[in-house]
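There's a structure below that I have some questions on.
The values are calculated or read from the model by the stated rules, or taken from the named source; none is laboratory data. The structure displayed is predicted, hence computed values, not measured ones. All Cβ positions, even for glycine, are placed from backbone atoms using ideal geometry, and neighbour counts span all protein chains on display. Heavy atoms of the whole protein, side chains included, go into the accessibility calculation; ligands, DNA and RNA do not. Shrake-Rupley method; radii C 1.70, N 1.55, O 1.52, S 1.80 Å.
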Amino acid sequence: MTIQELQAAIEGLLFVVGDEGMTVADIATVLEAEEETISEALFALRLLYNEQKRGLQIVEMAGAFRLTTRPEHATYFKKLATSPLHSSLSQAALETLAIVAYRQPITRMAIDDIRGVKSDRAIHTLSSKLLIKEVGREPGPGRPILYGTTTFFLDHFGLNKLDELPPLPENIDESSLEDEADLFFKKFEETMEIE
C-alpha cells in the first residue's frame with residue numbers, strides 16, 4: 001500500500017468512526033500495518049490538512065485521533081445551528097421526532113428498534129434544529145443517552161406542554177397502520193412546511 005493509499009484509508013476510517021475516533025493501535029489493526037507506519041502516515045496527513053487550510057483537521061483527544069472542523073469556522077456552524085427552520089425535515093427525521101415526542105425520555109437504540117432502521121442521522125438533524133436534546137443518561141451498561149423534546153419544539157408546534165400532543169389511536173388495525181402514519185406525518189409536514 002502506498003503512503004497516499006494508507007492516508008486515504010486512515011481518512012476514511014476516521015470519517016466513519018466519527019466522534020469516537022481511533023487510536024494508532026486500532027488503525028494499525030484494521031489496516032494490518034505497523035503502528036510506527038500508521039503514526040508516520042497520520043503525522044504527514046495532519047500536516048497536509050494544515051498546509052492546505054482544509055475545512056477539517058485531524059486532532060488527537062484522549063489518545064484517539066478524529067476528524068473535526070476548524071475552530072475558526074465556528075461562527076458559520078453556529079449560524080447554521082441557530083436557523084433550524086430554513087430547511088425541511090426528511091420522513092426519517094419526522095418519524096424520529098414523533099417517537100421522541102411520545103416516548104421521551106428515550107434512547108437511540110429504542111428509537112432504532114421502533115423504526116426498524118438506524119436513526120443516528122435523524123437524531124443529529126433534530127438536535128441541530130433544536131427540536132430534541134439530550135435529557136440525561138439511562139442507568140445500566142454503557143449509560144446510553146436519553147433524548148427528549150425541547151422548549152423550541154413546544155413553541156414551534158404551539159404547545160404549552162407535552163400533554164397537548166394529539167392522542168395516538170389505541171386500537172390500530174394493521175391494514176390501516178400505514179394510512180394512520182401518513183395522516184399523522186402529514187400534520188407534521190404541514191406544520192414544518194415540508195415540500
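At a threshold of 8 angstrom on Cα-Cα distance, excluding pairs fewer than six apart, so keeping six or more, what relative contact order does region 1-141 reach in percent?
With pairs under 8 Å counted, the relative contact order is 18 percent.
To the nearest 10 Å², what's LYS129's accessible area with a 1.4 Å probe?
20
Now, a different point. What order, most packed first, do the peptides 48-61, 110-123 have when packing is the mean number of other Cβ atoms within 10 Å of each residue?
Going by the mean number of other Cβ atoms within 10 Å, highest first, we get 110-123, 48-61.
Which net charge results when you count Lys and Arg as +1 and Asp and Glu as -1 among the other residues whose beta-carbon is under 10 Å from that of GLY21?
Net of charged neighbours comes to -3.
Measure up LYS133/LYS161; LYS78/LYS161; LYS53/LYS129; LYS79/LYS118 against 19 Å on the Cα-Cα distance and list the ones that go over.
LYS78/LYS161; LYS53/LYS129; LYS79/LYS118
Just the accessible area for GLU35, please: 1.4 Å probe, Å², rounded to the nearest 10?
Surface open to solvent at GLU35 totals about 100 Å².
Give the ranking of PHE77, PHE153, PHE15 by solvent-accessible surface, highest area first, calculated with a 1.4 Å probe.
PHE15, PHE77, PHE153
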